[in-house]
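These notes concern the structure reproduced below.
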Amino acid sequence: MSSLLSHNKDQPRIRKSLSDSSPTSSTATTKSLRHERLSRLSSSGSSDVNDKSTNHAESYFLRRENRLSAKKRAEEESANSDYKKMYEKALATNQRLKSKLETSKQELAVIQDQLQRAQKGKAEDCGFNMLETEKKVKQELKMENQRLKDENGALIRVISKLSK
């Protein structure tokens, strides 16, 4: 009975060490604590009463450790499930954004093509307008040149008549 009471004093320390330990070292910590308890229990005496209380204490602590490990596994599975849900949600969001990006890229390509066509058309219009203007100027110059030739011919005739 005294071993059980002394063990109850140590129980908060054990509980703290279990909660403070990391998930990777929890198995090693659990085994060392079990070994420590068994060695304390076996050193308390070897009478039949002590053997029965030792067996009872061992089974109690084994059941307790099983409950704690089951609880820890359930918490880890719950956390893993939450991470899995978050990952799946992030993955779906990523796919949606990739799709949106691809659509935007296609729209950008179409708009750039339209812009190039518009610029080319504007350049052609400007070129066409320039050609038309140059054509008109050339026609006017030809007409002016012809008028001057005619006038020059008339002046030559007048001068030749005057010189006779």
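Note down all Cβ pairs under 8 Å where the first residue falls in the range 57-80 and is among the basic types (Lys, Arg) and at pLDDT 85 or above, the second is outside any helix (DSSP H, G or I) and loosely packed, with under 13 Cβ neighbours inside 10 Å, and they're at least six residues apart or on different chains.
Going by the 8 Å Cβ cut-off, the qualifying pairs are Lys72/Pro23.
Given the condition of a type in the set (S, T, N, Q), part of a helix (DSSP H, G or I) and over 60 Å from the mean Cα position of the chain (by Cα), answer yes or no: does some residue in the range 52-59 qualify? Give the derivation first.
Within the range 52-59, the first condition is being of a type in the set (S, T, N, Q), and the residues that meet it are 53-55, 59.
From what's left, part of a helix (DSSP H, G or I): 53-55, 59.
Now narrow it down to the ones that are over 60 Å from the mean Cα position of the chain (by Cα): none.
Checked the range 52-59: no residue is of a type in the set (S, T, N, Q), part of a helix (DSSP H, G or I) and over 60 Å from the mean Cα position of the chain (by Cα).
Given the condition within 30 Å of Ser32 (Cβ to Cβ) and part of a helix (DSSP H, G or I), answer yes or no: does some residue in the range 130-143 qualify?
Residues of the range 130-143 within 30 Å of Ser32 (Cβ to Cβ): none.
No, there is no match, as no residue in the range 130-143 is within 30 Å of Ser32 (Cβ to Cβ) and part of a helix (DSSP H, G or I).
Is it the case that Gln95 is modelled with pLDDT of 95 or more and either surrounded by fewer than 10 Cβ atoms within 10 Å (Cβ to Cβ) or within 42 Å of the chain's Cα centre (by Cα) (or both)? Lay out the reasoning, then the answer.
Numbers: modelled with pLDDT of 95 or more: yes; either surrounded by fewer than 10 Cβ atoms within 10 Å (Cβ to Cβ) or within 42 Å of the chain's Cα centre (by Cα) (or both): yes.
It is true that Gln95 is modelled with pLDDT of 95 or more and either surrounded by fewer than 10 Cβ atoms within 10 Å (Cβ to Cβ) or within 42 Å of the chain's Cα centre (by Cα) (or both).
The values are calculated or read from the model by the stated rules, or taken from the named source; none is laboratory data. No experiment lies behind these values; they were computed from the predicted model shown. A quick note on method: Cβ atoms are made from the backbone with ideal geometry, for glycine too, and the neighbour counts reach across all protein chains shown.
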